[in-house]
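Down below is the structure, laid out as structure tokens.
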Amino acid sequence: MSEGKSRESWSGQFAFVLAAAASAIGLGNLWRFPYLAARYGGGVFIAAYLILSLTLGVTLLVTEIAIGRRSRQSQLTAFREMGHRRWGFLGVLSTVIPLCILPYYNVIGGWVVRYFAEYLGMAFGAGGQGLEDPQAFFSSFVSAPWAPFVCMVVFTLVTCAVIVMGVKNGIEKSNVVMMPVLLLMAVGLAVYVAFLPGAGEGIRYYLVPDFSSCDNVGKVVLGAMGQMFYSLSLAMGIMITYGSYMRRRDDIQRAAVRIVAADTFVAVLSGFMIIPVVVLFAAKSGAGRAAIDAGPGLMFVTLPKVFSSLGAAGQWIALAFFVLVLFAAFTSAISMTEACVAAICDFFRIGRNASVAVVCAWCFAFGSLSAFGYGRWAGFRPFGMPALDFFDGAMNVLTPVVAALTCIFVGWVARPRTVVEEVEAEGGRFRCRRLYDFMIRYFAPILLVAILVSEICRSLGIGGWSI
Ligand code: PHE
């Protein structure tokens, strides 16, 4: 935002909560949460997740939002602005993360655009035959010479168009359209699945605690924490940037609890939507429980197989599902783009449009590595991995580092008092102060370092510790 111009703000508390929830609710809720719940003993994982997000999740959210609102800056300049120049590097780190994630996130968004278009064509009788063999369709699509790049460009341009329109007219308005549709589709699909014959077994598998599959409590807790962290879009500057547009009279703690509640609701709902159909399909096709896959395989191969096994209704279910996924991906990408755009505006003091152009060009350039990474540039394999997997792994290591440093900064350098003062700015009351202090100074940094160690072990392929 250029100097002299007052900073834009959300039109109210609801708009802010909706925007933050829209960022939080994304692919992580739709495929990662159900998969982890299935892997770590169903109800046990869900309980651990609920407890962690209501304590630690709320703590970290309140912290980031308060930093943003206090400094009225996006993450790049926020730490410096709070009077701690030596911590300016943390702003740089928390800007590097969304700048590196956004290009490959947009590539995956492009995949979703492609599937959406295919199912749309199928539903209206124009094409879609390619999906009769989802595995072959997926492999030939991602390795095609241009298609993944073109889809990524489409996804990026739509996101940037929303950002150009600004905080109120762009982000807020698009959320008001997309979020209710997303919720409706999610609830509708979960109800549809619950009435499928034989769904009971899958629901039981999802909800009933299975203590035998979580022999290592540490792994369950780390798994839940890593998921919470990614799901709430923490350590990427997003909540700092969104917080910088928040009005001072709004209640930060209450907003944080609502964001966590909305995010957790959709995550739990996704489990109801996905696990029973995959369990049913696995029983029918003899694929076994391995069908509940963590990665792109679930979304782009297994579920399309499940949809085609549902008969005539399948294509409509698939279409509803991909509308849901598309909107979830868009709203998350919008928040990440905003964090990058705002950082560039604040730092270089240039206008919003110029900043969007820079971010857009960056996405095309850097995203091409991931978009072409399974096809024409498949030879480029950093550390022996396709480009997209490499960037994803690197970011999984960097985010806990930034989150831990943010906690150390607030807990020990700026002191929790700074956050408390911001929350209480216009007569608000800070609830659970002792719990907050303990979380931010001890509990969060220690757990974050544990996640970091486990991510490093996983990246290096060292067993035992990795989740
Ligand atoms: N929080 C999103 C999810 O649950 C993911 C995301 C990551 C969004 C990074 C924005 C930035 O899927």
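So for the pair PHE443, LEU54, with labels modelled 7 Å out along Cα→Cβ, what separation do we get in nm?
1.2
Relative contact order for the stretch 45-189: what percent, with Cα pairs under 8 Å and sequence separation of 6 or more? Walk me through the numbers before you get to the answer.
Details: 80 pairs, mean separation 20.2, N = 145.
Once normalised by length, the contact order is 14 percent.
Which whole-number percent gives the relative contact order of the chain, counting Cα pairs below 8 Å spaced six or more residues apart?
Contact order relative to length: 32 percent.
By how many degrees, between 0 and 90 and to the nearest 10, does the Cα long axis of helix 314-348 differ from the longest principal axis of the chain?
20
From the Cα gyration tensor of the stretch 163-237, with a ≥ b ≥ c the square roots of its eigenvalues, which class applies: rounded if a/c is under 1.5, or else prolate if a/b is larger than b/c, or else oblate?
Since a/c reaches 1.5 but b/c is at least a/b, the shape of the stretch 163-237 is classed as oblate.
In which sequence would VAL423, VAL401 go, from the one with the fewest C-beta neighbours within 10 Å to the one with the most? List each step's numbers first, then the result.
On the way: VAL423 25, VAL401 18.
So the ranking, lowest neighbour count to highest, is VAL401, VAL423.
Taking 0.36 nm per residue of separation and subtracting the Cα-Cα distance, what length does fully extending SER140 through ALA47 add?
Fully extending the segment from SER140 to ALA47 adds 29.5 nm.
So for VAL92, VAL107, fewest C-beta neighbours within 10 Å to most, what's the order?
Listing VAL92, VAL107 from fewest to most nearby Cβ atoms yields VAL92, VAL107.
For the stretch 433-447, in order, what is each residue's ³J(HN,Hα) by Karplus, 6.51 cos²θ - 1.76 cosθ + 1.60 with θ = phi - 60°, in whole Hz (x at glycine and Pro)?
4, 4, 4, 4, 4, 5, 4, 6, 8, 10, 4, 4, x, 5, 5
Identify all aspartates and glutamates with a Cα-Cα distance to LYS284 below 18 Å; exclude those on the same chain that are fewer than 8 residues away in sequence.
GLU132, ASP133, GLU201, ASP293
Any idea what the relative contact order of the stretch 308-467 is, in percent, if you count C-alpha pairs under 8 Å spaced at least 6 apart?
Relative contact order, the stretch 308-467: 14 percent.
Note down the nm distance, to one decimal, between modelled labels 7 Å out along Cα→Cβ at ASP251 and at VAL191.
Taking the two extended label points, one gets 3.1 nm.
What is the Å³ per residue value for the convex hull set by the Cα atoms of the stretch 332-378? Walk me through the numbers on the way to the answer.
On the way: hull volume 3.2 nm³, N = 47.
Each residue corresponds to 69 Å³ of Cα convex hull volume.
Any idea what angle helix 147-164 forms with the longest principal axis of the chain, computed on alpha-carbon atoms, 0 to 90 degrees, nearest 10?
The helix 147-164 is inclined about 40 degrees to the chain.
Please compute the modelled spin-label separation between VAL453 and ALA117, points set 7 Å along Cα→Cβ, answer in nm with one decimal.
Going by the 7 Å Cα→Cβ label model, 4.8 nm.
On a 0 to 90 degree scale, rounded to 10, what angle separates helix 252-285 from the longest Cα axis of the chain?
For helix 252-285, the angle is close to 10 degrees.
Here, each number is a calculation from the coordinates, and none is a lab measurement. Source: prediction; values computed, not measured. Reconstructed Cβ throughout: ideal geometry from the backbone, glycine too, with neighbour counts over all protein chains shown.
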